[in-house]
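Q: I have a structure here, written as structure tokens, and I will follow up with some questions on it.
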Amino acid sequence: MGTVEGIRVSVASRWAKLIIKVSVKSKTSWQVRQLTDMALITNCTSQRIKEAASYLLAGNLVAFPTETVYGLGADACNLSAVERIYEVKGRPTNHPLIVHLSSIDNLDKWTKDIPDFAIKLAISFWPGPMTLVLPRTKLAQDFITGGQDNVGVRVPANTVALSLLNEFEAHGGYGIAAPSANRFGKVSPTSANDVHTELSEYLKPNDLILDGGSSKVGLESTIIDCTNNVPVILRPGAITAAMIYDLLGIQVKVNSKNDSSQIKAPGLLQSHYSPIAKVSLTGKPSTGDGFIALRRFPTPKGVIRLLSPVDNVEYARTLYQGLRLADIKKISKVFVIEPTGDGIAVAICDRLQRAAQKE
Ligand code: TXA
Ligand code: MG
């Protein structure tokens, strides 16, 4: 966790972006806030995290880092705060939210009838990039679950997120609802600046963006439906089918290719994770196209190389930055060579195929 003395304030609008570095302590942020009347990006000193927890408890939104992507957090028991998540994201309200917890010890506050395999998954992979969908208790209200009888819960593996959750729970909170901190259907943010670019015009002065650096995994958590006899992967991620097989001896189904009439998870919509640029996974790149591929693939003549990760782990970590860069460079088409293999490659291909669905 950063304990830098200064605070960093990012002031941006559609047409201008300016990052001001202020190297003094505490009160300055409030002065700057009054001056700019914009949502703040702030460093993650323990004092700031305490303040962020109190902001959440007061019904404000706090975007925070996790190891997967940045989340847009609200008190999961506060209807009006959760409604603001939907407003800020522009997301349909029947799409459920993941509740973030500080520890597995809180699982039975939110979920019940937890099968043994889910307990094993939680013990092995939490804190970590995995969300479990389980039958809900009364604490998980319809405004969190989209009216479904189950709820998605996750303990993130990020020191800032965990400190925030601990502070929040120590002062009476039960869990932080947090979707990825992007506009609906768009690319998830993997840095505080990405969150600012996505959402600053929709956030209010009392909302906050905690800057915890770049997300380590770079793709959203694996979602595992644990409401049946066997686990089913609803969204692939860094916790892979092979890892689950090693733990449970069960070959899990990956059921992310649903149709839009049965959407449990909007991340399962066929078109999602899309930059403005058109993403193309087939054919050949043309002059002026963006190009994303593992480093071992040479750059075709005339294209603009956006990313050259050495392996699939780096591919996952940087993919969203590469897609965002295409938009920053105003490139209209990005040609991508998908990675191959199991493991995290499955999640990368899943996101790329959805990104490529955009008309
Ligand atoms: O890595 C992540 O999971 C990030 C970080 C911030 O934790 N969060 C995230 O949330 O990706 P979101 O809302 O952008 O995507 C979560 C997906 C959505 O497609 C949502 O519909 C689905 O999980 N989901 C949430 N609760 C669910 C439930 N009870 N049943 C099925 N799907 C659920
Ligand atoms: Mg999302």
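Derivation of every value follows stated rules applied to the coordinates shown; laboratory data play no part. Please read these numbers as outputs of a predicted model, since none were measured by experiment. Glycine also receives a Cβ, built like all others from the backbone with ideal geometry; neighbour counts cover every protein chain displayed.
Q: For segment 326-338, take each phi angle, set θ = phi - 60°, evaluate the Karplus expression 6.51 cos²θ - 1.76 cosθ + 1.60, and give the result in whole Hz per residue in order, putting x for glycine and proline.
A: These are the phi-based 3J(HN,Hα) values: 4, 5, 4, 7, 6, 7, 8, 9, 10, 9, 10, 9, 5 Hz.
Q: Now a separate question. Run the numbers for residue 333 and residue 159: contour at 0.36 nm per residue of separation, minus the present Cα-Cα distance, in nm.
A: 59.0 nm
Q: A further question on this structure: Could you give the nm distance between label points at residue 105 and residue 149, where each point is 7 Å from its Cα heading toward the beta carbon?
A: It is 3.1 nm.
Q: Can you work out the Karplus-derived ³J(HN,Hα) for every residue in segment 48-59? Use 6.51 cos²θ - 1.76 cosθ + 1.60 with θ = phi - 60°, whole Hz, and x for glycine or proline.
A: With coefficients 6.51, -1.76 and 1.60, one gets 5, 5, 4, 4, 4, 4, 5, 4, 4, 5, 7, x Hz.
Q: Between residue 311 and residue 80, what length in nm is gained on full extension when 0.36 nm per residue of separation is reduced by their alpha carbon distance?
A: Gain on extension, residue 311 to residue 80, equals 78.9 nm.
Q: Check which residues have an amide H placed less than 5 Å from residue 278's amide H, if you skip close sequence neighbours.
A: It is 333, 334, by chain and number.
Q: When ranked by the protection proxy of mean other Cβ atoms within 10 Å per residue, highest first, what sequence do the peptides 223-230, 211-218 form? Can you show the working numbers first?
A: On the way: 223-230: 18.0, 211-218: 21.2.
For the peptides 223-230, 211-218, the packing ranking is 211-218, 223-230.
Q: What nm distance separates the two modelled labels at residue 340 and residue 119, each placed 7 Å from Cα along Cα→Cβ?
A: 4.3 nm
Q: Another question about this same structure. What net charge do the residues around residue 341 carry, taking every other residue with its C-beta under 15 Å from that of residue 341, with Lys and Arg at +1 and Asp and Glu at -1?
A: -4
Q: Round to the nearest 0.05 the FRET efficiency obtained for residue 287 and residue 232 when R0 = 25 Å and r is the Cβ-Cβ distance.
A: About 0.05, to the nearest 0.05.
Q: Which value in Å is the Kirkwood Rh of segment 188-231 over different Cα pairs? Before the final figure, lay out the partial values.
A: Working: mean 1/r = 0.0772 Å⁻¹.
Its Kirkwood hydrodynamic radius stands at 13.0 Å.
Q: Across segment 303-314, in residue order, what do the Karplus-derived ³J(HN,Hα) couplings come to in whole Hz, using 6.51 cos²θ - 1.76 cosθ + 1.60 with θ = phi - 60° and x for Gly and Pro?
A: 9, 9, 6, 9, 7, 9, x, 6, 8, 5, 5, 5
Q: Can you pull the one-decimal nm distance between simple spin-label points at residue 137 and residue 250, each 7 Å off the Cα toward Cβ?
A: In this crude label model, residue 137 to residue 250 measures out at 2.2 nm.
Q: Once the Cα atoms of segment 278-355 are picked out, what are the Rg and Dmax in Å?
A: Rg, Dmax (Cα atoms, Å): 11.4, 33.
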